[in-house]
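Let me begin by presenting the structure, written as structure tokens, before commenting on it.
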Amino acid sequence: MPLSTHARLEREAAHGRLLACGNPEHIWGWATPAGRRRARRRADLIASAAHLGPGRRVLEVGCGTGMFTEMWAASGAQILAVDLVPELIERARARLITGQVRFEAMPFEACGADGPFDAIVGSSILHHLEIRPALRRIYQLLAPGGRLAFAEPNMLNPQVWLTKHVPWIRKAMGDSPDETAFVGPHLIEHLRHAGFHQVRVSTFDFLHPSTPPVLIEAVARLGCVLERLPGIRQIAGSLIISAVRE
């Protein structure tokens, strides 16, 4: 492993340990009523793109506290969920998720012995990694015809852009030192360069975690309209990403 990659993993692990001392899901924006609504929709989009279901062997990258793992376990898939931070893995195991789920504290790059996988999934994790080598390794870990499906922050969203470029906002939002965000066309190029086909990257999510409960339904409906409008849809908060290994 290159020294720069090892140093980055160490920084990410240290950041994860810091998060584990508090309430990670609150920091990540999943703990509010609107945040839970966003998480459920995100999980469903990833599950659909990855074709999760009974008999599918799945690797979840960066599972954190296991919140998304729990939602995907309901599909009946066999899931290996990994994270760099043992303290987060312990939180995930404490969920006592039923089904074929195994949690391990390890880098996803080391999961070759458990592969190949029918799908590799994750929520807001690729932007913590060096994207080109990460996608190459994901390609290697997938079985032929295997599917990649992730949701990631959209750099064209104004709040995301400010968080990634203004140091005091980055610190206030709890970002790690190395994380970034993606622009759709650039990510498509990376995926194709790694050998993937049927590459799809689209924007979604105008519902902010701080939306008051009384406004969630109205904002969610408006967001669905905005996601269909050329131009406006490009500044949605998130990207849904899918691709297939040949």
> Of all residues in the stretch 216-230, which are hydrophobic (A, V, I, L, M, F, W, C) and either outside any loop (DSSP other than H, G, I, E, B) or surrounded by 11 or more Cβ atoms within 10 Å (Cβ to Cβ) (or both)?
Replying inline: Ile216, Ala218, Val219, Ala220, Leu222, Cys224, Val225, Leu226
> Can you pull out the residues in the stretch 37-80 that are in a strand (DSSP E or B), touching an Asp or Glu at 6+ places or on another chain (Cβ under 8 Å) and under 24 Å from Arg200 (Cβ atoms)?
Replying inline: Arg57, Val58, Leu59, Ile79
>> One residue is enough: does the stretch 178-201 have a residue meeting the conditions within 21 Å of the chain's Cα centre (by Cα) and under 24 Å from Pro33 (Cα atoms)?
In response: no
> Which of the residues that make up the stretch 111-140 are within 20 Å of Leu45 (Cα to Cα) and small (Gly, Ala, Ser)?
Replying inline: Ala119, Gly122, Ser123, Ser124
>> Conditions first: (1) crowded, with 16+ Cβ neighbours inside 10 Å; (2) modelled with pLDDT of 95 or more; (3) closer than 27 Å to Val61 by Cα. Met173 passes all but one, so which condition is the exception?
In response: (2)
> In the stretch 10-29, which residue that is crowded, with 18+ Cβ neighbours inside 10 Å, under 26 Å from Pro133 (Cα atoms) and of a type outside the set (Asp, Glu) is modelled with the highest pLDDT?
Replying inline: Trp28
>> Consider the stretch 71-88. How many of its residues are more than 23 Å from Leu142 (Cβ to Cβ) and in contact with a Ser or Thr (Cβ under 9 Å, 6 or more places away or on another chain)?
In response: 1
>> Scan the stretch 139-159 and tell me whether some residue there is assigned to a helix (DSSP H, G or I) and either acidic (Asp, Glu) or farther than 28 Å from Asp114 by Cβ (or both).
In response: yes
>> Of everything in the stretch 129-148, what is farther than 15 Å from His197 by Cα and either surrounded by fewer than 24 Cβ atoms within 10 Å (Cβ to Cβ) or over 16 Å from the mean Cα position of the chain (by Cα) (or both)? Give them in sequence order.
In response: Glu130, Ile131, Arg132, Pro133, Ala134, Arg137, Leu141
>> Every residue in the stretch 135-169 that is without any contact (Cβ under 8 Å) to a residue 24 or more places away in the chain, over 16 Å from Phe206 (Cα atoms) and not β-branched (Val, Ile, Thr), please.
In response: Leu162, Lys164, His165, Pro167, Trp168
> If you check Glu152 against the conditions, is it at pLDDT 95 or above and out of contact with any helix residue (DSSP H, G or I) (no Cβ under 6 Å at 6 or more places or on another chain)?
Replying inline: no
> Within the stretch 17-36, restricting attention to residues that are part of a loop (DSSP other than H, G, I, E, B) and either in contact (Cβ under 8 Å) with a residue 24 or more places away in the chain or in contact with a helix residue (DSSP H, G or I) (Cβ under 9 Å, 6 or more places away or on another chain) (or both), which residue is farthest from Arg137 (Cα to Cα)?
Replying inline: Thr32
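The values are calculated or read from the model by the stated rules, or taken from the named source; none is laboratory data. Computed from a predicted model, the values in this text were never measured in an experiment. Backbone-built Cβ (ideal geometry, glycine too); neighbour counts: all protein chains shown.
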